[in-house]
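The values are calculated or read from the model by the stated rules, or taken from the named source; none is laboratory data. In this text, all values refer to a predicted model and were calculated from it rather than measured experimentally. Note that we place each Cβ from the backbone using ideal geometry, even for glycine, and neighbour counts take in every protein chain shown. Areas reflect the complete protein model, heavy atoms only, side chains present, ligands, DNA and RNA absent. Shrake-Rupley method; radii C 1.70, N 1.55, O 1.52, S 1.80 Å.
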Amino acid sequence: QVQVVESGGGLVQPGGSLRLSCAASGTILAISGMGWYRQAPGKQRELVATISSGGSTDYADSVKGRFTISRDNAKNAVYLQMNSVNPEDTAVYYCNVGGQFLGPTGRFRADYWGQGTQVTVSS
């Protein structure tokens, strides 16, 4: 079993900052890509930022220069530092973890999602 748990969401004022955390646990052999996605009410889930096992990052245009993704391989964790937030950043933020895992029949590749954490930007 693999668990992915996000934390750090909440209410923040426009222009403020927030740091999201995500940690994976369970029968993990190796984690490759990790990322953050978000889904606003009435909209499809969209990519926010991703980071490879080697540290290469990619960002949605809407968050470039404001958000920073990082990871701690020793902790199987990924973080999203959100600065200069605005109301358009309001959404449920989901963590995605991909890699190789160990199951009853051996190793397998999969992607796991967390349960999501709500971020609300409002004054």
Restricting attention to the stretch 57-105, the residues that are part of a loop (DSSP other than H, G, I, E, B), open to solvent by 70 Å² or more (accessible area, probe 1.4 Å) and at pLDDT 95 or above number exactly 3
Residues (open to solvent by 20 Å² or more (accessible area, probe 1.4 Å), touching a Phe, Trp or Tyr at 6+ places or on another chain (Cβ under 9 Å) and either closer than 15 Å to residue 68 by Cα or part of a strand (DSSP E or B) (or both)) located in the stretch 3-30 | 3, 8, 19, 21, 26, 28, 29, 30
Conditions (1) open to solvent by less than 60 Å² (accessible area, probe 1.4 Å); (2) closer than 17 Å to residue 34 by Cα; (3) under 14 Å from the mean Cα position of the chain (by Cα): number failed by residue 113 = (1)
Going through the stretch 31-53 one residue at a time, which ones are open to solvent by less than 60 Å² (accessible area, probe 1.4 Å) and more than 19 Å from residue 66 (Cα to Cα)?
-> 31, 32, 33, 52
Among the residues of the stretch 12-50, how many are without any contact (Cβ under 8 Å) to a residue 60 or more places away in the chain and hydrophobic (A, V, I, L, M, F, W, C)?
-> 5
